[in-house]
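Working notes for the structure below.
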Amino acid sequence: MTVTSDAVVAPRPFPSGAGLCLKGWTSANLLGSPHRLTTPLVRDHREGELRPAGWEETLGLIADRLLAVRADHGDDAVAVFGGGGLTNEKAYQLGKFARVALRTSRIDYNGRFCMSAAATAGNRAFGLDRGLPFPVSDIADAGALLLVGSNLAETMPPITRHLSALRAKGGTLVVVDPRRTATARQAALHLRPHPGTDLALACGLAHLVVTEGLHDQDYIDRRTNGFDQAWQILAQYWPERVERITGVPVAAQRAAVAALTAADKAIILTGRGTEQHGNGTDTVLAWINLALMLGLPGRPGSGYGTVTGQGNGQGGREHGQKADQLPGYRSIADAADRAHVAAVWGVRPDDLPGPGPSAYELLDTLGAVDGPRALLVFGSNPVVSAPNAGHVERRLRELNLLVVADFVLSETAALADIVLPTCQWTEEEGTVTNLEGRVIRRRRAMPAPPGVRDELCILADLARRLGAEGFDTEPRRVFAELGRASSGGRADYGGITYDRLDNSDGVFWPCPSIDHPGTPRLFVERFHTSDGRAVFSPVEYRAVAESPDREFPLRLTTGRVLSHYQSGAQTRRVDELVMAEGAVFVQVNPANAAALGVTNGVTVRVGTRRGTAVATARVTSDVAVDTLFMPFHWGGDGRANLLTDPLLDPVSGMPAFKLCAARIDLIEELTP
């Protein structure tokens, strides 16, 4: 399908260079796919089939059933689950819809599974969460980059141009990852800790920095608080102890520290591999401690950052989809924040609900006596993407009403009572915010197919039927309202307009006024804390994940592959991507494979304490002995998240996706 632009303003070239991965090259293939939904679908009774229906009938039915649920069980009996791929305008409107039209506290989104640990850590240490507090192009000029738990070569290939430039200029790439990934193969130094021990490794590197006299004492004195308390714990992480915990040799620890301290400019970046754990927030704080020891945050060309994971992973977590949040990264528990947003929305502060449960806690209570009886899902597929997915699927089946808005019949949509067909990226106006905090315009390139509606229109129509006014359908006006609601907040979009975005390469928040240039670099003079200082955290390694035992003697970790994205609802419907990677697999170390009689290409069953999944074995030394790796993009009985542990980080609500005890068995051995 040819995509043409009818935008008045032609897009400007992106300053850090244009580039697409395989998923980007083929993204237009889904626009005219036979898998595309183009009419609402309704299930007349629980055992019935989904049938086509008109919009008037469908929206009327949703409103009537939502009103009935609220009348019988209260406002919190209706829940909303959003997505990190929604535009800023949609994410903002969804949060407003939940709090004003539904008056429910039960709203969260799939970004809780992605960025919550890093976001919580950033707010604690710096007073502000923005994925990169500096332009991404800084990576190319760094003398050293420590990349922790991120396989950028497969998950975000266009950014690897900066890694190549760094190496070409003589910089050192150090990768921390239990697997030998495509990114790790590019590194000058690859540290392979045992899964779940990154926190101990971060503490060990910080210990070496101090004991070798390589820390920036002047920076620590001028720009931070809490060093002495943190050091009382870090002093216990001498190199030999860290090697025993992590498996990373002392020499490799010293080499990593040498690379970071020898560079004039150094950057530490974290990804999901180090964040998606039951102690994910503490682990990120440990890496931030290391960055502060070295005096990196706020120093031009250096710093700490986290790599966002979804199409609007940054903007999606700023404007009210999270259970504890209002637009502009405001707190729903703060009286002044509530008053500001309530004034913009034209409601009383007391009418806004309070904080609700985090994403998995919300899904875990669906259909329960005290839990939500109805759920509206926008831009997410939790049947595949949630931890302990079999349990989540069972909870979804217990609902009185499940409504899913999507453009394909995902695994979650297939369970729904009502499915709403929505627009794709080429068919909508809006904005997204990239990992740098740069707000970028998305322009409509083609009309949506007949029968398809934009989420802004869906939410406005439903709000009206529920008795709520003030929900606009025009993205430009919704963005202007978002700017007013976020004004004065940590993520301040008050000075950003469509006109500015149309005539620039994007605007970095915070941007509090129309004459403000935006903020490409944060923390240069002060941090966003009350006294302007960053905060060290006295965090300590504890083994919080499941331990292998006789029944489950291996360790399972999960992640992505080059050809697919998230739950695979879109990418598994693109022929070229299916040809590149057509089915789920599990990587097995040769030593374990030999002991179990597993050979390349055989079908195996992977089991954990939550369930089993079926996959094709790939025997490779890319995973360590006693470690398995499965990608999470497939549905059915190949769902990796049938296996994953729903243990939550107690601070951020991040599930422990990246580690659980497991076993592997040949299918034929299990057949009677």
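Rounded to whole numbers, the Karplus 3J(HN,Hα) couplings from phi for segment 614-625 are 9, 8, 8, 7, 10, 8, 7, 7, 5, 10, 6, 4 Hz, using 6.51 cos²θ - 1.76 cosθ + 1.60 with θ = phi - 60°, and x at Gly and Pro. Relative contact order of the chain, taken over Cα pairs closer than 8 Å and 6 or more residues apart, is 20 percent.
Calculated from DSSP H runs of 4 or more alone, at -39500 (n - 2.57) each and per residue, what is the 222 nm mean residue ellipticity of the chain, nearest 500?
On the way: 24 runs with 203 residues, N = 672.
Calculated at 222 nm, the ellipticity per residue is -8500 deg cm²/dmol.
With a simple spin-label model that places each label point 7 Å from the Cα along the Cα-to-Cβ direction, the separation between Glu469 and Asn503 comes to 3.5 nm.
Computing the accessible area with a 1.4 Å probe over protein heavy atoms, can you report the carbon and sulfur percentage for the chain? Of the solvent-accessible surface of the chain, carbon and sulfur hold 51 percent. Rounded to two decimals, the Cα-based Rg/Rh of segment 518-562, with Kirkwood Rh, is 1.28. Its Kirkwood hydrodynamic radius, worked out from the mean inverse distance over all distinct Cα pairs, puts segment 244-383 at 18.9 Å. Treating each Cα of segment 193-262 as an identical point scatterer and summing with the Debye formula, the log10 of I(q)/I(0) at q = 0.14, 0.22, 0.25 Å⁻¹ comes to -0.42, -0.94, -1.13.
Sorting the segments 526-535, 263-272, 394-403 by their residues' average number of neighbouring beta-carbon atoms within 10 angstrom, most packed first, yields 263-272, 394-403, 526-535.
Take 362-370, 117-125 and order them by the average number of nearby Cβ atoms within 10 Å per residue, most first; the result is 117-125, 362-370. Label-to-label distance for Met446 and Asp549 is 5.5 nm, based on points extended 7 Å past Cα in the beta-carbon direction. Amide H contacts of Leu648: none lie under 5 Å away among residues 5 or more positions distant or on a separate chain (H built 1.01 Å from N in the peptide plane; Pro and chain starts excluded). Segment 244-297 and segment 105-136 have their alpha-carbon centroids 18 Å apart. Size of segment 463-561: Rg and Dmax of its alpha carbons, in Å, are 22.6, 65. Rolling a 1.4 Å probe across the protein heavy atoms gives the chain an accessible surface of 35 Å² per residue. Translational diffusion coefficient of segment 19-93 at 10 °C, 1.306 mPa s, Stokes-Einstein with Kirkwood Rh over Cα pairs, in µm²/s as a whole number. Answer from the Stokes-Einstein relation: 99 µm²/s.
Converting phi to 3J(HN,Hα) with the Karplus coefficients 6.51, -1.76 and 1.60 and the offset θ = phi - 60°, segment 62-78 yields 4, 4, 4, 6, 5, 4, 5, 4, 5, 5, 7, 10, x, 4, 6, 7, 10 Hz in sequence order, with x at every glycine or proline. Residue by residue, segment 642-657 carries 3J(HN,Hα) couplings of 5, 9, 6, 8, x, 3, 9, 4, x, 9, 9, x, 6, x, 8, 4 Hz when phi is fed to the Karplus relation 6.51 cos²θ - 1.76 cosθ + 1.60 (θ = phi - 60°); x denotes Gly or Pro.
Between Ser33 and Ser530, the FRET efficiency estimated from the beta carbon spacing at R0 = 56 angstrom works out to 0.60.
Can you list residues from other chains, or at least 5 along the same chain, whose modelled amide H is less than 5 Å from the amide H of Thr620? It is Val588, Asn589, by chain and number. Extents of segment 52-178, taken as max minus min of Cα coordinates on every principal axis and listed largest first, are 65, 38, 29 Å. How long are the semi-axes of the ellipsoid equivalent to segment 287-365, from square roots of 5 times the Cα gyration tensor eigenvalues, in whole Å, largest first? Calculated on Cα positions only, the semi-axes equal 31, 17, 12 Å. Remark: relative contact order (segment 211-317) = 30 percent; criterion is Cα-Cα distance under 8 angstrom and separation of 6 or more residues. Taking Cα centre as origin and charging only the Cβ of basic (Lys, Arg, +1) and acidic (Asp, Glu, -1) residues, the dipole magnitude of the chain rounds to 800 debye. Against the compact-protein benchmark of 2.2 N^0.38 Å, the Cα-based radius of gyration of segment 226-298 scales to 1.15. Taking one quarter of the surface of the convex hull spanned by the alpha-carbon atoms of segment 438-504 gives a direction-averaged projected area of 6.0 nm². Length gained on full extension, Ala168 to Asp351: 60.1 nm, using 0.36 nm per residue less the C-alpha separation.
According to the Cα-based calculation, Rg over Rh for segment 374-482 is 1.01, with Rh computed by the Kirkwood formula. Beta-bridge orientation, the chain: approximately 40 percent antiparallel, per DSSP, counting only bridges with both partners inside. Normalised by residue count, the chain yields a Cα convex hull volume of 153 Å³ per residue. Pairwise alpha-carbon distances in segment 516-672 exceed 29 Å for 34% of all pairs.
Mind checking which of Thr599, Gln229, Leu102 is farthest towards the positive end of the chain's charge dipole, using Cβ charges of +1 (Lys, Arg) and -1 (Asp, Glu) about the Cα centre? Among Thr599, Gln229, Leu102, the one farthest towards the positive end of the dipole of the chain is Thr599.
For segment 113-161, the alpha-carbon radius of gyration amounts to 1.28 times the rule-of-thumb value 2.2 N^0.38 Å expected for a compact globular protein. Residue ranges 249-260, 27-38 sort as 249-260, 27-38 when ordered by packing (mean number of other C-beta atoms within 10 Å per residue, highest first).
The orientation-averaged projection of the convex hull spanning the C-alpha atoms of segment 314-443 amounts to 9.6 square nanometres. The largest-to-smallest principal axis extents of the Cα set in segment 155-194 are 31, 22, 10 Å.
Its Kirkwood hydrodynamic radius, worked out from the mean inverse distance over all distinct Cα pairs, puts segment 556-634 at 13.1 Å. Dimensions of segment 406-469 along the principal axes, based on C-alpha atoms and rounded to the nearest Å, stand at 38, 32, 25, largest first.
In segment 106-171, Cα pairs under 8 Å separated by at least six residues give a relative contact order of 28 percent.
In this rough spin-label picture, where each label sits 7 Å from Cα along the Cβ direction, the Glu398-Arg244 distance is 4.5 nm.
The values are calculated or read from the model by the stated rules, or taken from the named source; none is laboratory data. Bear in mind that the values here come from a model prediction, so they are computed numbers and not experimental data. Counting neighbours? That spans all protein chains shown, and the Cβs are built from the backbone with ideal geometry, glycine included. These accessible areas exclude ligands, DNA and RNA; they are computed on the full protein's heavy atoms, side chains included. Shrake-Rupley method; radii C 1.70, N 1.55, O 1.52, S 1.80 Å.
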